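What follows is a set of notes on a single structure, which appears directly below.
The values are calculated or read from the model by the stated rules, or taken from the named source; none is laboratory data. All values derive from a computational prediction rather than experimental measurement. Don't worry about glycine lacking a Cβ; one is built from the backbone with ideal geometry, like all the others, and counts go over all protein chains shown. Only protein heavy atoms, including side chains, enter the accessible area calculation; ligands, DNA and RNA are left aside. Shrake-Rupley method; radii C 1.70, N 1.55, O 1.52, S 1.80 Å.
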Amino acid sequence: MEENHCNYRLFIYDIFLLMFEGITVGYKIITFIERFLFLFIPFILIANVGGIRNKLQLFKSRKKSNKAIGTLLVIIFMSIIFVNLPNFYSTQFKQEKLVASVKLEADKKIKADAKVQEEAQANAKLLTDAKAKLDAQAKNEAKLKVDAQAKAE
């Protein structure tokens, strides 16, 4: 039983820890509300923390249809919040978020290009090493052939 309480405390700590992603206090509040609605409320309902489902009429009912309706209403509510939450962000925040995502994609592309370039350089080095080895073998064979002809004469 103590293990469940520990998990609850860690989960609540994560919500407060993740809260400070915003730029200003308003964005921090919106981020906190977002985290609370999308993480905490479903967690409470799913884990039945404190027997919350027994206190809610649709979840308390013994009929499966009422429980299904309750679950469907929670899903619809969460979907509506998920769709409409970005409307609360200011244009400045949206622009900064867009710039950050573009910068992240550019960084990923730069890293991928650097990796491809490193692989190309490694392949070029292997190719030059193989060519040098073949040239050395060819010179050695030519020298052996000349030595063999010189001994034969």
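Flag: ALA150 does not match the condition of being open to solvent by less than 100 Å² (accessible area, probe 1.4 Å), among the aliphatic types (A, V, I, L, M) and modelled with pLDDT of 85 or more.
Being touching a helix residue (DSSP H, G or I) at 6+ places or on another chain (Cβ under 6 Å) and at pLDDT below 80 is not true of PHE77.
Residues being open to solvent by 70 Å² or more (accessible area, probe 1.4 Å) and free of Cβ contacts under 8 Å to residues at least 12 places away in the same chain: count how many of those fall in region 36-56. Quick ask: steps written out before the conclusion?
Going through region 36-56, the residues open to solvent by 70 Å² or more (accessible area, probe 1.4 Å) turn out to be 36, 46, 53-55.
With free of Cβ contacts under 8 Å to residues at least 12 places away in the same chain added as a condition, the list becomes 46, 53-55.
Total satisfying the criteria: 4.
Could you go through region 60-71 and let me know if any residue there is at pLDDT below 85 and either over 30 Å from PRO42 (Cα atoms) or under 21 Å from the mean Cα position of the chain (by Cα) (or both). Among the residues of region 60-71, not one is at pLDDT below 85 and either over 30 Å from PRO42 (Cα atoms) or under 21 Å from the mean Cα position of the chain (by Cα) (or both), which makes the answer no. With respect to being assigned to a helix (DSSP H, G or I) and without any contact (Cβ under 8 Å) to a residue 24 or more places away in the chain, ILE81 falls outside the description.
Out of all the residues in region 60-78, which are assigned to a helix (DSSP H, G or I), surrounded by 13 or more Cβ atoms within 10 Å (Cβ to Cβ) and not basic (Lys, Arg)? Those that are assigned to a helix (DSSP H, G or I), surrounded by 13 or more Cβ atoms within 10 Å (Cβ to Cβ) and not basic (Lys, Arg): ASN66, ILE69, GLY70, THR71, VAL74, MET78. Quick check on this structure: which one of VAL83, VAL99, VAL116 is among the hydrophobic types (A, V, I, L, M, F, W, C) and surrounded by fewer than 10 Cβ atoms within 10 Å (Cβ to Cβ)? Sole residue among the options that is among the hydrophobic types (A, V, I, L, M, F, W, C) and surrounded by fewer than 10 Cβ atoms within 10 Å (Cβ to Cβ): VAL83.
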